[in-house]
Each structure stands twice: as C-alpha cells, then as structure tokens.
Amino acid sequence: MNVGVLGAGSVFGAYLRGLRDVAGLPVLRLASRDPARARAAAQAAGVPRWGGVDDVCADDDVELVVNLTPPQAHAGTTLRLLEAGKHVFVEKPFAPDVVTAQRIIDAATFASRLLGCAPDVFLGPAGQTARAALDAGMIGRPFAATSFVRSSRVETWHPDPAGYFGPLGGPVLDWGPYHVALLVSLLGPVRSVMAAGLRARDEVAVSAPGRTGDVVPVAVDTHVSAVLELPGPCLVTAMYSFDVWETTLPHLEIYGTEGTLRLPDPTRLHGPVEFRARGADAWTALPAVMPGSCGASCGSSGGSGWRRWPASSPPAGRTARTPRWGCTCSRCSPRSASARWTRAAGRSTAPSAGPRRWSRSRSCVSSQDRGAECTSMFTPPVPARRDGSVPSAIPCTWGRE
C-alpha cells in the first residue's frame, strides 16, 4: 500500500523511520500546508514527491495518508483526505469534540475507507505483557489504578512549543491519550469522569535553543486531576500536568485483590513491567511476551535470545541487527519462561491448556514464515490463578487477522 504523509514537523522523521521498517509501505509523497517546507523535508529524506494538501489528495498513487498536521488541523484535513478516497491514520487528538469525531467516522464509513488514530503504543511489548499478566489473573481482580503525567518540559527543547499551551494542547490531549488508551485496552472503556483543572501560570518562558527569551501565553488548563470509572468496577486516579516537574510518582500502576502491576512510561513501546504479589518483599520484572522495537522477542535491545546475523551477509531485506526466528529468549523458550513466570507469580505454573494465542499479539514465534498463515501452535506457560484455573485456550491466529 502506497503511503503519503501530511505534515513535515518534528515527528515526521520518527514516522518515516517506522514506515520504512515495514515491508510494503513505501512513502511516495510528503505534503504540508507549507509546500516549500514539504519540498525541503522530502528532498532531505529521499521522498520522491512533495506538495500541498491538494497534491496529496489528488495523487492517485497514494492510498493511505498519515496525518501529522498540528492538532487544530486534524479534523479538517482528515475529512478532506477521506473525501478524496484515502485511508487515513491521524495523530492524536482525533477531534476537538464528540460531534466532530462522529462526523469523521461517518465520513470514513460512507467512503468505505479505513480510519485509525494514534496512539497505538499499547500494542507494544510493555502493554501486551501487562495484558498477559491481567489475563493470567496474576493480580486477581483489578479494582483501582493510578495514572500520572509529569511535565515533559516542552518549553526547554521544542522549537515551537506554543501549540502545547494553546487550544487542543495541554497535558490531557498531549500525553493523556497514551495513558487512557493503555488503561482502556487493559481494563475496559471509561464509563464516567469527574475532573477539575487549573493553570499554574498565565504564560511560559521559553528556553529552547533559538527561542530563549520568548514568552508563550497559556490558553488551556495545564494541571488536571480526575477520577475515571471503568468496568469492574475500577477507579482510576489521574493527574496530568505540565506544571509538575519533579516527582517520584509512578507512570501507571494497576491494583488488584492479589497484587499490583507497575507499568513503564505509556509513551514508550517497551520497558519493564513489574509485578508484586500481596505480601511479597520485592518487585519482579515480568518477561516480555512479544518482540521489542528492535525485533528481539525478549522485548529488549539485547540479552537472552538476541542473535545477530553476520554483519557481512544479512539476508535480503534484513539488517545485521535483525534477530533470527526461533529466538531463545524467555518468551520463545517455554522452560525459561515457565521458570520466570513461576518466580514472578510466587506459585506453581499451570500445565498446558492447549493451543493459545499469547496476549492477543500477532507475533507467533512458532511460524518460521511470517508472511504466511500460522498453521502451528504455540502454548506459552501461563501462571495458574489462585483457584487453580487457567485462562481458556485459543488457537494462534497469525496471518488470519
């Protein structure tokens, strides 16, 4: 599927690297509301075509457009792209309000186009490892969680931080979507919200390189506290702030009747997911259940299971840092994983319950050819619940989703 990117800002480079890591998604065009900026960025990045919004809409070779425009432009540009017959993936926030969001969804439905929105980081190793732990009943019944966003100090490094403090900016719409998306994926949809917000400053002094001395007005709440009610019932205590710089608060924790999960920064694909059973003396890092961004099934940039291709002769389409299939990390080696999950859970490992797709991921290490449907089965070790029961077994669906 041929891809176009709309938006040549600071996040464009990261998206381009990600797209180029995936076979079958060539980036044909870079567009911007400032065509001159698009041309400069496209030439620097080796993208063959560039232009404005009208150009990407009219380009029949472009099937999917990744919309990286500023938040204030997301809704209008996404509607234009859908009307032009493009599939669209848009950065967050999706829309300024529910009415506009529904209008965009209706437009995609009418045009029979696919529509997606960031963030999707919860699909990475950390989010899926937490999903696996909850599915296995490691913390019992979740009844509460905490979610904290501390300042990214954007005014000290971003070349144009004004948008972070203007309409559709602020911590709730900037960093909040990462936390809420992860919480919803793990615990279910938000049923109700009680919240209050304030602005600790009326203006922000900029100290980013080249902008030192500039002042940005604050037009949005920069410190918000909330309680979110999720199914269960489960109550989430949230504090999202651009004004809190120094703190020892965790990023995100989930509390259950039998223990606690501590998750890493939800803006990152990977990081340690820690578990502590009630009465345990220490936290234990859980083994990752799927490959990390580097491709290693152990979910890290090295360690157990990391096998390098010879630098002089990597296979076609792969680099010297690409691991072989059949990795021996904790996820791919049942005995190793069994021991680690048993130690983490503080109880015996349940016997195999039959074929199972692990943690709702699409990464089946039993299939030697990821380009084909997985016809073999992978049954990872699953810690037994306190009552001795095991999550129901389901077959691998790699290549059929």
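Laboratory data are not the source of any read-out in this text; all were calculated from the coordinates shown. Predicted model only: the values in this text are computed from it and were never measured. Here Cβ is always computed from backbone atoms with ideal geometry, including for glycine, and neighbour counts include all displayed protein chains.
DSSP loop trypsin sites (Lys or Arg not before Pro) in the range 164-246 with at most 12 other Cβ atoms within 10 Å of their Cβ, which ones? Filter output for the range 164-246: Arg191.
Charge tally for His74 (other residues, Cβ to Cβ under 14 Å; Lys, Arg +1; Asp, Glu -1): +1. Ranked by the mean number of other Cβ atoms within 10 Å per residue, highest first, peptides 220-226, 48-54 order as 220-226, 48-54. By the beta-carbon count within 10 Å of each Cβ, the least crowded to most crowded order of Lys86, Lys92, fewest first, is Lys92, Lys86.
Taking a Cβ cut-off of under 14 Å around Glu91, the surrounding Lys, Arg, Asp and Glu residues balance to a net charge of -1, with basic ones at +1 and acidic ones at -1.
Normalised by the number of residues in the range 8-79, what is the relative contact order in percent for Cα pairs under 8 Å and 6+ residues apart? Show your work: numbers first, answer last.
Numbers: 74 pairs, mean separation 20.4, N = 72.
Computed value for the range 8-79: 28 percent relative contact order.
Each of Thr156, Thr222, Leu249 was scored by the projection of its Cα onto the charge dipole of the range 141-256, and the greatest displacement toward the positive side belongs to Leu249; charges sit on the C-beta of Lys, Arg, Asp and Glu.
Shape verdict for the range 82-229, please, from the Cα gyration tensor: rounded (a/c under 1.5), prolate (a/b greater than b/c) or oblate.
Working: a/c = 1.88, a/b = 1.22, b/c = 1.53.
Here the range 82-229 falls in the oblate category.
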